[in-house]
Amino acid sequence: MSNSQHNKPRLKLAAPPTEEDKRRAREELERCPHCKVSADDAITHGHAPNCPSYVPDAAETILNDVAAFLERFVVFQSPAQRDAVGLWVAHTHFLESCSTTPRLSVRSPEKESGKTRLAVVTRQVAD
Ligand SMILES: [Zn+2]
């Protein structure tokens, strides 16, 4: 074995990181550790709703407050029912801006299931 073969590195060295590798690494560092949104998207669109850094906008905050109020007095079969009532309540506050309006249809298969209570509670927050 010659001396030159002895000095050859046994492991092939990894190629140095390219500019693209560096850009990806920087981008990954700038991503939210919870929802993985990029820093730019977080500024423009915000974090995902399940992220601790998520900040609801004013409209969402109001709708959540109305939903929480309704749930204090009425048991809904699903979150979708609660949200439908909450959106209907919000709609009553800008009726003048709408050309049509939906009716809130509240039905139940049996008596004394909370329809009147929903009407009473809804009247407290509807316009
Ligand atoms: Zn996030």
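The values are calculated or read from the model by the stated rules, or taken from the named source; none is laboratory data. Since we're looking at a predicted model, the values are computed, not measured. Cβ placement follows ideal geometry from the backbone for every residue including glycine, while neighbour counts extend to all protein chains displayed.
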(message) I'm checking my understanding of the structure. Among residues of segment 62-76 that are over 15 Å from Gln124 (Cβ atoms) and of a type in the set (A, V, I, L, M), which one is surrounded by the fewest Cβ atoms within 10 Å (Cβ to Cβ)?
(response) Val75
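Is there a residue being more than 16 Å from the ligand (Cβ to nearest atom), modelled with pLDDT of 85 or more and in contact with an Asp or Glu (Cβ under 9 Å, 6 or more places away or on another chain) anywhere in segment 65-74?
Checked segment 65-74: at least one residue is more than 16 Å from the ligand (Cβ to nearest atom), modelled with pLDDT of 85 or more and in contact with an Asp or Glu (Cβ under 9 Å, 6 or more places away or on another chain).
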(request) Look at segment 77-100 and say how many of its residues are in a loop (DSSP other than H, G, I, E, B), within 21 Å of Glu60 (Cα to Cα) and polar (S, T, N, Q). (result) 1
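Working only within segment 19-59, note down all residues that are in a helix (DSSP H, G or I) and within 16 Å of the ligand (Cβ to nearest atom).
Glu27, Glu28, Leu29, Ala39, Asp40, Asp41, Ala42, Ile43, Thr44, His45
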(message) Looking at Thr44, Thr101, can you tell me which residue is under 18 Å from Arg123 (Cβ atoms) and modelled with pLDDT of 85 or more?
(response) Thr101
(message) Being without any contact (Cβ under 8 Å) to a residue 40 or more places away in the chain and in a loop (DSSP other than H, G, I, E, B): is that true of Glu110 here?
(response) yes
